Amino acid sequence: MSRYPLEGYRVVDFGSAWAGPQMAHIIADMGAEVIKVESRARIDYGRIGGAASSKDLLNKSPESIVAAAPERLELNPVFHLLNRGKLGITVDFTKPEGAELVRQLVKKSDVVADNFTPGVLDKYELGYESLAKIKPDIIVVSLCFAGHTGPLKGTRGYAPIITALSGFDSVVGYPDERIPCGPRFAYGDHVAAMHGALAMLMALIHRNRTGEGQYIDISEWEATTSLLGEPLMEYVMNERIPVPRGNRDPIMSPHGYYPCKGEGQWVSIAVKTEEEWRAFCEVTGNSGWTDDERFWDRYSRLLNQDALDELVGRWTVNYTPHEVTEILQKADVAAAPFMIAKAQYDDPHFRERGIFVKVDHPKSGTETFYGIPWKLGETPGGIRRSGPMLGQDNEYVFKGLLGLSGDEFNRLVEEKIIF
Amino acid sequence: MVKQALAGLKVVEFGSFISAPYCTKLMADMGAEVIKVEQPGKGDESRDYGPFPDDIPHPERSGLYLYLNTNKLGITLKVETATGVAILKELLKEADVFVENNPPGFMQRLGMDYVKLKELNPRLIVTSITPYGQTGPYKDYKAYAINCCAFGGVSQSIGHHWREPLTAPISQGHYQAAVSGAGATMVALLARDSTGRGQHIDISEADVWATYHVGFGITIYAFGVREHLRKGYIGGGWTYPARRVIPCKDGYMVLCAPQLKQWLKFLELMGTPEWTQNPRYRDRHAMEDDYPEEVDSLLTPWFLERTKKELFELFEKNAIPFAPLYNMADEVNDEHLRERKFFATVGRDEVGRLKYPGAAYKFSRTPWSLKHPAPTLGEHNEEIYCGRLGYSSEDLVHLRRAGVI
């Protein structure tokens, strides 16, 4: 059995920024041949954003960046992370000959994935209708902010806008603050990427059994809202609008983050059953708490959480997060240290599970990526290479797969079709 | 009738609360047959959780249970008995997929670890979803959603850096693990098309947080950026407003304008107030990093005079990517979602007809659909035990008396 379960499947990936690229790399990790399509007239902006701190490049046109600082396009580690395992080609599909090359590639592929604003691919006859004519069983997964129909279909939005409009932000925050605070990472993008990958796989299963392809419309907004069943049902059933409950839980107490020894050190503790509560009191040397009428059953503890949190905090502050975790886990009580990137990177559990891996890039050296959380026992997949450099696989794809002659290839390069 | 993408797929779920149930809901809603195995008498933990109509608890009226278990068949079975084990094995002999979220070692104690199940049915895919996974030094640690947020690193990006960190709300980690479980299961099904063999899938909630969600933080950390993720949006280096929440007349708006032209257009809509000439409010990096609250307060009066709807329309028209912070009422009543038929309605005696959130995706040929409400406790006992496994109705009485079903 090959270690790559999706070996033999080919995906044409028009993704850019976050959600599109992440959706396709999940599939690449599993062994599919994912071909990322860019051009020097339309680079993935992910090449210049984020960690490489290229503030000076923001608000510049792709052309000017390509002309002035092409080497800067190959240095962003987060771009490499989100595009790992992919091949990279550059073709200007806004020109008819370029679009035709893409159509030839689609004929030899199983899936097309994109996260353009609705309508972009249609304009160049690369939308589902056009592609299904030349490749009837093609699967097109099209992901965008608000979906491809409805009054807001053309709306664009960045990650913070997805979590705002999806309702997610309205339940994130401190109960004692007026303004919900929302997450500080691109939750909606990640959620959409994972659902996109799932949808693509389900469509492949259907195609393998029936020979039918199809079009899949994914809204980042709806993907995020689809996970909010609990608060949505609260409104549907009782017309009550849920608000942030911070670290409070409807059935567990104590439940939250408690301060530990050292600056910025916290431990999470969650006590659910009476058995856990008794064990918690005993192991922390507070057996008396079980007789305190404020805490003697779950209901009382939920009513007196402020007082209880205060007492728990006075105990935790004498220890490090790992010490608290060890003491409580020995008594079978749920606790875990608050981890930041550095702590996770050094953690033995993540080490043993291969959650962080090193991958080499020809221009920027060795980088650290997250590994593969979909752990399939027999066919685990793997990260075969870092993100592609601009056009690095043009020869393999255009000459090898599409059979262009050397002369034809050179002409297309000269005419900036392969560009 | 339209065929669904997973029609014919046979799934057995033996789990509780959110992760395993949501994982199989994703399959059931796309046409798979999911048999949900619950403890006799008590049933799935989510039945006690609520929300409940009029706040009156009832195991058949919990909103969380109803939402997570649509389109499934429900049976009761006490698996911790010899007969229970034998019956579950009979079901698994015919199944394609088995999804469970019991603690590591639990299935082994029942004599049903993957090695045994593989002997029983080599084509079976077993998907196990746990907080920390089946391997590693912490595999047996007890953990609830907040603990996975802590260890998985997601809380480093939620909350203010000057206060205690926050957990991801409403058990979101369980859902993330469920989506990953479903995706990995689909990969295993595609692999089985060529190998003919099933396999064991090990999904850890903490792994999913630490990778797809905040794993980019490790890449940035290793690259040499030591910034605290709770400061600024995604590690800093952004311009005002990277992500600001500003109160308006009837709620909040969220502002995010990475492009200068978006910001300038917005100032123009505000009538280019005098303060915009002050150099202090022209350095968008400093405004974001050093005194964002001060800038917020300059914008707030203008926002307070306008409603979410008014503002959203104005910004939409001018291609400014600011949007209202929607609450659950806004979602349920939104025109765009209504036109896209995002919410679906299904009825059941105990609660009547209710609106449920739909799926993340719209398939053109094999649509997601909400055909059946979640099963009542043991609703399909007769159908499965008598119809499928060949027990007589008399056997059913004995099994019931013995507390097996």
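Tell me, please, whether a residue that is under 23 Å from the mean Cα position of the chain (by Cα), at the interface with chain B (Cβ under 9 Å from one of its Cβ atoms) and among the hydrophobic types (A, V, I, L, M, F, W, C) can be found in segment A:318-337. Within segment A:318-337 (the criterion being under 23 Å from the mean Cα position of the chain (by Cα), at the interface with chain B (Cβ under 9 Å from one of its Cβ atoms) and among the hydrophobic types (A, V, I, L, M, F, W, C)), the answer is no, since none of the residues qualifies. Just so you know, in segment B:180-203 the residues that are at the interface with chain A (Cβ under 7 Å from one of its Cβ atoms) and among the hydroxyl-bearing types (Ser, Thr, Tyr) include one that is farthest from the chain's Cα centre (by Cα), and it is B:THR195. Going through (1) under 28 Å from the mean Cα position of the chain (by Cα); (2) surrounded by 19 or more Cβ atoms within 10 Å (Cβ to Cβ) one by one, A:ALA343 falls short only on (2).
Just one of the listed residues (B:GLY183, B:GLY196, B:GLY153) is at positive phi, assigned by TED's automatic domain parsing to the domain that holds B:LYS93 and surrounded by 24 or more Cβ atoms within 10 Å (Cβ to Cβ), namely B:GLY153.
Residue by residue, here is whether (1) within 25 Å of B:THR239 (Cβ to Cβ); (2) without any contact (Cβ under 8 Å) to a residue 12 or more places away in the chain holds:
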{"residue": "A:SER64", "(1), (2)": "yes, yes"}
{"residue": "A:ASP92", "(1), (2)": "no, no"}
{"residue": "A:LEU105", "(1), (2)": "no, no"}
{"residue": "A:PHE116", "(1), (2)": "yes, no"}
{"residue": "A:LEU131", "(1), (2)": "no, no"}
{"residue": "A:GLY147", "(1), (2)": "no, no"}
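Against the conditions (1) at pLDDT 95 or above; (2) loosely packed, with under 15 Cβ neighbours inside 10 Å, A:GLN392 satisfies every one except (2).
Return yes when A:GLY211 is within 18 Å of B:GLY31 (Cα to Cα), more than 7 Å from chain B (Cβ to nearest Cβ) and either in contact (Cβ under 8 Å) with a residue 24 or more places away in the chain or acidic (Asp, Glu) (or both) and no when it is not.
Yes; evaluated as a whole, the condition is true for this residue.
Annotation for segment A:220-227: no member residue is of a type outside the set (A, V, I, L, M) and more than 21 Å from A:ALA159 (Cα to Cα). Checking the structure you have, find out if any residue of segment B:263-277 is surrounded by 17 or more Cβ atoms within 10 Å (Cβ to Cβ) and within 13 Å of chain A (Cβ to nearest Cβ). Among the residues of segment B:263-277, at least one is surrounded by 17 or more Cβ atoms within 10 Å (Cβ to Cβ) and within 13 Å of chain A (Cβ to nearest Cβ), which makes the answer yes. Being outside the structural domain of B:LYS362 (by TED's automatic domain parsing) and touching a Cys at 6+ places or on another chain (Cβ under 9 Å) is not true of B:GLU313. Looking across segment A:272-320, the residues that are touching a residue at least 24 places away in the same chain (Cβ under 8 Å), surrounded by fewer than 16 Cβ atoms within 10 Å (Cβ to Cβ) and touching a Cys at 6+ places or on another chain (Cβ under 7 Å) come down to A:VAL317, A:THR320. Taking the conditions (1) among the basic types (Lys, Arg); (2) assigned by TED's automatic domain parsing to the domain that holds A:ASN83; (3) touching a residue at least 40 places away in the same chain (Cβ under 8 Å) in turn, A:LYS330 satisfies each one other than (2). Residues in segment B:79-107 that are of a type in the set (Val, Ile, Thr) and closer than 21 Å to A:PRO380 by Cα: B:VAL97, B:VAL99.
Within segment A:373-389, restricting attention to residues that are surrounded by fewer than 22 Cβ atoms within 10 Å (Cβ to Cβ) and within 11 Å of another protein chain (Cβ to nearest Cβ), the residue that is nearest to A:HIS80 (Cα to Cα) is A:PRO380.
Looking at B:LEU311, B:LEU337, B:LEU325, B:LEU299, just one residue is more than 9 Å from every other protein chain (Cβ to nearest Cβ), surrounded by 13 or more Cβ atoms within 10 Å (Cβ to Cβ) and under 20 Å from A:PHE168 (Cβ atoms), and that residue is B:LEU311. Here the condition is being in contact (Cβ under 8 Å) with a residue 12 or more places away in the chain and more than 7 Å from every other protein chain (Cβ to nearest Cβ); of B:GLN176, B:GLN172, it holds for B:GLN176 alone.
The rows are residues; the columns are (1) at pLDDT 95 or above; (2) among the hydrophobic types (A, V, I, L, M, F, W, C); (3) touching a Phe, Trp or Tyr at 6+ places or on another chain (Cβ under 9 Å); (4) over 30 Å from A:SER300 (Cβ atoms).
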| position | (1), (2), (3), (4) |
| --- | --- |
| A:MET202 | yes, yes, yes, yes |
| A:GLU220 | yes, no, yes, yes |
| A:SER253 | yes, no, yes, no |
| A:LYS261 | yes, no, yes, no |
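Would you call A:LYS342 more than 30 Å from B:LYS142 (Cα to Cα), in contact with a helix residue (DSSP H, G or I) (Cβ under 7 Å, 6 or more places away or on another chain), within 14 Å of another protein chain (Cβ to nearest Cβ) and not in a strand (DSSP E or B)? Taking the combined requirement at face value, the residue does not satisfy it.
The conditions are (1) farther than 15 Å from A:GLY229 by Cβ; (2) not in a loop (DSSP other than H, G, I, E, B), and B:THR24 fails exactly one of them. Which is it? In the conditions (1) farther than 15 Å from A:GLY229 by Cβ; (2) not in a loop (DSSP other than H, G, I, E, B), B:THR24 misses (1) alone. In segment A:149-163, the residues that are more than 7 Å from every other protein chain (Cβ to nearest Cβ) reach residues that are among the polar types (S, T, N, Q) and in a loop (DSSP other than H, G, I, E, B) with C-beta atoms within less than 8 angstrom, at least six apart or across chains, in these pairs: A:GLY154/A:THR117.
Is it the case, given these coordinates, that B:GLY159 is farther than 22 Å from A:ALA197 by Cα, at pLDDT below 95 and at the interface with chain A (Cβ under 7 Å from one of its Cβ atoms)? Spelling it out, B:GLY159 is indeed farther than 22 Å from A:ALA197 by Cα, at pLDDT below 95 and at the interface with chain A (Cβ under 7 Å from one of its Cβ atoms).
Screening segment A:23-137 for strands (runs of 3 or more DSSP E) wholly inside it with 3 or more residues that are modelled with pLDDT of 95 or more and within 14 Å of another protein chain (Cβ to nearest Cβ) returns the ranges A:111-114. Among the residues of segment A:67-96, those identified as more than 24 Å from A:ALA197 (Cβ to Cβ) and in contact with a Gly (Cβ under 6 Å, 6 or more places away or on another chain) are A:THR90, A:VAL91, A:ASP92. Among the residues of segment A:239-250, are any surrounded by fewer than 24 Cβ atoms within 10 Å (Cβ to Cβ), more than 24 Å from B:GLN176 (Cβ to Cβ) and not aliphatic (A, V, I, L, M)? Yes.
Looking across segment B:108-135, the residues that are surrounded by 15 or more Cβ atoms within 10 Å (Cβ to Cβ), under 18 Å from A:LEU376 (Cβ atoms) and without any contact (Cβ under 8 Å) to a residue 40 or more places away in the chain come down to B:ASP113, B:LEU117.
The helices (runs of 4 or more DSSP H) found entirely in segment B:51-144 that carry 3 or more residues being in the same structural domain as B:HIS174 (by TED's automatic domain parsing) and farther than 30 Å from A:THR325 by Cβ are B:63-68, B:82-93, B:114-120. One residue stands out in segment B:206-234 among those that are among the small types (Gly, Ala, Ser) and in a loop (DSSP other than H, G, I, E, B): the one that is modelled with the highest pLDDT, namely B:GLY215.
The values are calculated or read from the model by the stated rules, or taken from the named source; none is laboratory data. In this text the structure is predicted, and so the values were computed from the model without any measurement. We place every Cβ from the backbone using ideal geometry, glycine too, and count neighbours over all the protein chains shown.
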